[in-house]
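Structure first, then comments.
The values are calculated or read from the model by the stated rules, or taken from the named source; none is laboratory data. In this text, all values refer to a predicted model and were calculated from it rather than measured experimentally. Positions of Cβ are backbone-derived with ideal geometry, glycine not excepted, and every protein chain shown enters the neighbour counts. Each accessible area value is taken on the protein alone, full model and side chains, heavy atoms only, with ligands, DNA and RNA left out. Shrake-Rupley method; radii C 1.70, N 1.55, O 1.52, S 1.80 Å.
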Amino acid sequence: MSTSTGSGRGTGKGRRTGTGLKDPSLRRSVALFRAFLHEQEDPEACYSLLARDAVDQVEAYDGPVNGRTVVDVGGGGGYFTEEFQRRGAHAYLFEPDVQELGEKPPQGAVVADGYLLPLADGVADVCFSSNVLEHVADPQTFISEMVRVTKPGGLIYVSFTNWLSPWGGHEWAPWHYFGAERARARYQRRTGKDAKHTLGENLFAVHIGTTLRQVRERDDVTVVSARSRYWPFLAETVAKAPGLREFATWNLLLILRRYP
């Protein structure tokens, strides 16, 4: 995640609470897509909107976050953590990459690996992870650690970009359909710089069907929702269609509840 030094970041001044956009809806999807198009030149606007949208989703499933403890795992520059804090949550960021934290990490930021969080069992009302799962080599262990630190009855929010989605190759998408190395080489020729992501090192081929099966086999969580994070309609339906979902979902959102 990119980091910006915009003057309003972290202050709460001039910020709206929430997006005011219905989820799912075409208007919301278009707004998010437009923001993504300008992510490189205006990451502040892009990730601030995405953070408000994500916290809207958490509150839609679990009620207001005010006064609750939120653990943000792998939240990069802290946009999500800061949005939770703006809404009154006791939010803490756990990020393994110091460079991702930027020059001004949010209050409560900790350098820590998502595989081994420095937290006791069951401390979080909400454990949150946005677009991190495709960057870890062992997704099952990563999710298990999120479950461990969540209170019985607490909410677990996990979203990820699946490999076969049009954006699965990240900056070298959609050419990943023709092979990762070929896609990386094309990116280097086109931009004159090396790609940030390398398959098998910091980007992994995570699939929806496999992930859903593994989560549903667990005896410590129940699946509240499995849906496309950004799809403008039938968000849960598209994630239920084997085969098609691997291409059409774009980004899977899992809402899990830890068993009491």
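Go through the range 30-63 and report how many residues are closer than 25 Å to G154 by Cα and more than 14 Å from the chain's Cα centre (by Cα).
Total meeting the criteria: 5.
For the range 137-152, name all the residues that are part of a strand (DSSP E or B) and open to solvent by 60 Å² or more (accessible area, probe 1.4 Å).
Across the range 137-152, the qualifying residues are K151, P152.
Looking only at the range 108-128, count every residue that is open to solvent by 60 Å² or more (accessible area, probe 1.4 Å) and either touching a residue at least 60 places away in the same chain (Cβ under 8 Å) or in a strand (DSSP E or B) (or both) and tell me the total.
As a first pass, look at the range 108-128 and keep what is open to solvent by 60 Å² or more (accessible area, probe 1.4 Å): 111, 113, 115-116, 118, 120-121.
Now drop any that are not either touching a residue at least 60 places away in the same chain (Cβ under 8 Å) or in a strand (DSSP E or B) (or both), which leaves 111.
Count: 1.
Select from the range 179-225 the residues that are aliphatic (A, V, I, L, M), part of a strand (DSSP E or B) and in contact (Cβ under 8 Å) with a residue 60 or more places away in the chain and write down the one among them that is surrounded by the fewest Cβ atoms within 10 Å (Cβ to Cβ).
V224
For the range 95-137, give me each residue that is at pLDDT below 95 and among the polar types (S, T, N, Q).
Listed by number, the residues that qualify are Q99, Q107.
Quick one: which of D62, D72 is over 21 Å from W167 (Cβ atoms), touching a Leu at 6+ places or on another chain (Cβ under 7 Å) and open to solvent by 20 Å² or more (accessible area, probe 1.4 Å)?
From the options D62, D72, the qualifying one is D62.
How many residues are in a strand (DSSP E or B) and buried (at least 23 other Cβ atoms within 10 Å of the Cβ) if we restrict to the range 239-252?
Residues that pass the stated criteria total 1.
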